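Take a look at the structure set out below.
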Protein chains: 2
Amino acid sequence: MSTRQRILDTALDSFGTDGVDGTSLDALARTLGLRKQSILYYYPSKAVLFEAVVDEAATRFAEALDEVVIDATDVWDQVEGTVRVVFRMATQRPALLGLLREASRPGSSVAVQLTGRLAGHIDAARHSLEIALKDGRVAGDDARLLLFSLYSTIMGVATEVEVLRAMGIEPSLRTLTQRRAELLRFLRAALDPAPASSVTLA
Amino acid sequence: MSTRQRILDTALDSFGTDGVDGTSLDALARTLGLRKQSILYYYPSKAVLFEAVVDEAATRFAEALDEVVIDATDVWDQVEGTVRVVFRMATQRPALLGLLREASRPGSSVAVQLTGRLAGHIDAARHSLEIALKDGRVAGDDARLLLFSLYSTIMGVATEVEVLRAMGIEPSLRTLTQRRAELLRFLRAALDPAPASSVTLA
DNA sequence: GGTCTCCCCTACCAATTGGTAGAGCCCGTC
DNA sequence: GACGGGCTCTACCAATTGGTAGGGGAGACC
């Protein structure tokens, strides 16, 4: 692998785990077996490096999502596929999700960049939801807000390990499987267009 | 207000908005109209200050949640109340939610502390859910995992403003109301124990 | 062999960081 | 008026930060 790519990869892991502010170029270079100046040779500043890392992460995320079939007639398959992809990342490369979290912090400078890279997937997902909503195959009012809720739930369940600990569950492969199953059940119930039995809950 | 309390308040806002690493004691002192050494007089180190801020935030959050009636017979009221509390914070003091986000980052040193402060509320909520699950008044398998999903959804929808922008919605008071309404509908559908019409989605 | 480009290095820098040491001020108590 | 504690200050520090300037080696091309 090229030095350039190695830097990008290592930076992604470090930024995603310790945060951008929590990662110094010196420390990054040390784990790479390089000097800081070699990093600055490829990426003229830390900000530029961060942008490149965000781009890389967004691209990888987008590529992973590409395996989710875009078929407007079956929204549930898309939800299930997305959950599968996100949870695979949560085990194989948690730093990538951490970086997305970092890059989507309120007021983040790279949020727009991230948004742009994923705009295609967002649009496709929204479009599917809109059609499904219109056909009554999914419960909800606004496709964008529904997508937002879905995103929040999936990413939260996949990444909020400290909250999970607070609930008394230690993150492990076994509990992760349970978490995913419960998440899918939860999402399915939320999307199900069956008429609400308002008597029970009201 | 005492200087000690002013420092705590300002630090909460700053830590919650710019992050701990993104906030220097000098900058903090400047906005307070003090010198850094005055901060260090009350809080001997930045780490101690951060812990105090986390404690403060957790306490305020807990106090706000106290207005949510704990009544095991009506889980939905609790969910609705929690959403109301969280959304009020999102408008009145977004930094507080930002700080919770910061403090619950994976690997956070203060996560345990935060957990401890909110343990009572977590337990109560789980207990309510367990009873409701047993009685069939709520759909789901595991109370803790269900609570985890609920938390993820609510906090995500309330705080992920950049993701909201990515969906094409600009955060404002009006859209916030819509967001809340859609969130409540979403959660209600997810919790509703009505039998799933599996034909539709499968 | 000369030269050019790519790549990584040493050396250095100004600014900022969290933190220490200690002086001085204000105010209530004796 | 002396004293003492509570509070904020000036002065200073070592370490770390992101970044600049520029040297040198190794290989490709002529």
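The values are calculated or read from the model by the stated rules, or taken from the named source; none is laboratory data. This one's a predicted model, so the numbers in the text were calculated from it and none came from an experiment. Cβ: placed from backbone, ideal geometry, glycine included. Neighbour counts: every protein chain shown. Surface areas here come from the heavy atoms of the whole protein model, side chains and all, with no ligands, DNA or RNA. Shrake-Rupley method; radii C 1.70, N 1.55, O 1.52, S 1.80 Å.
Just a few scattered comments:
- Of the residues making up region A:47-68, those that are within 15 Å of DNA strand D (Cβ to nearest atom) and surrounded by fewer than 19 Cβ atoms within 10 Å (Cβ to Cβ) are A:47, A:48, A:51, A:52.
- Meets criteria (part of a helix (DSSP H, G or I) and of a type in the set (A, V, I, L, M)) for residue A:139: no
- Some residue of region B:102-109 being over 19 Å from residue B:152 (Cα atoms) and surrounded by fewer than 20 Cβ atoms within 10 Å (Cβ to Cβ): yes
- Single match in A:29, A:11, A:52, A:62 (criterion: at pLDDT 95 or above, in a helix (DSSP H, G or I) and under 24 Å from residue A:125 (Cβ atoms)): A:62
- Test for residue A:35: is it open to solvent by 50 Å² or more (accessible area, probe 1.4 Å) and either more than 16 Å from DNA strand D (Cβ to nearest atom) or of a type in the set (A, V, I, L, M, F, W, C) (or both): no
Residues checked against (1) within 13 Å of DNA strand C (Cβ to nearest atom); (2) of a type in the set (Asp, Glu); (3) over 16 Å from residue B:110 (Cα atoms):
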{"site": "B:1", "(1), (2), (3)": "no, no, yes"}
{"site": "B:30", "(1), (2), (3)": "yes, no, yes"}
{"site": "B:36", "(1), (2), (3)": "yes, no, yes"}
{"site": "B:41", "(1), (2), (3)": "yes, no, yes"}
{"site": "B:45", "(1), (2), (3)": "yes, no, no"}
{"site": "B:54", "(1), (2), (3)": "no, no, no"}
{"site": "B:59", "(1), (2), (3)": "no, no, no"}
{"site": "B:64", "(1), (2), (3)": "no, no, yes"}
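Each row is one residue, and each column tells you yes or no for (1) in a helix (DSSP H, G or I); (2) within 28 Å of residue B:53 (Cα to Cα).
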| position | (1), (2) |
| --- | --- |
| B:107 | no, yes |
| B:112 | yes, yes |
| B:118 | yes, yes |
| B:121 | yes, yes |
| B:146 | yes, no |
| B:158 | yes, yes |
| B:178 | yes, no |
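- Residue pairs meeting the criteria (Cβ under 7 Å; at least 6 apart or on separate chains; first within 14 Å of chain B (Cβ to nearest Cβ) and open to solvent by 60 Å² or more (accessible area, probe 1.4 Å), in region A:1-23; second of a type in the set (Gly, Ala, Ser) and within 14 Å of DNA strand C (Cβ to nearest atom)): A:21/B:19; A:21/B:22
- Test set (1) among the aliphatic types (A, V, I, L, M); (2) farther than 27 Å from residue B:15 by Cα; (3) without any contact (Cβ under 8 Å) to a residue 40 or more places away in the chain; (4) surrounded by fewer than 21 Cβ atoms within 10 Å (Cβ to Cβ) - residue B:124 fails condition number: (3)
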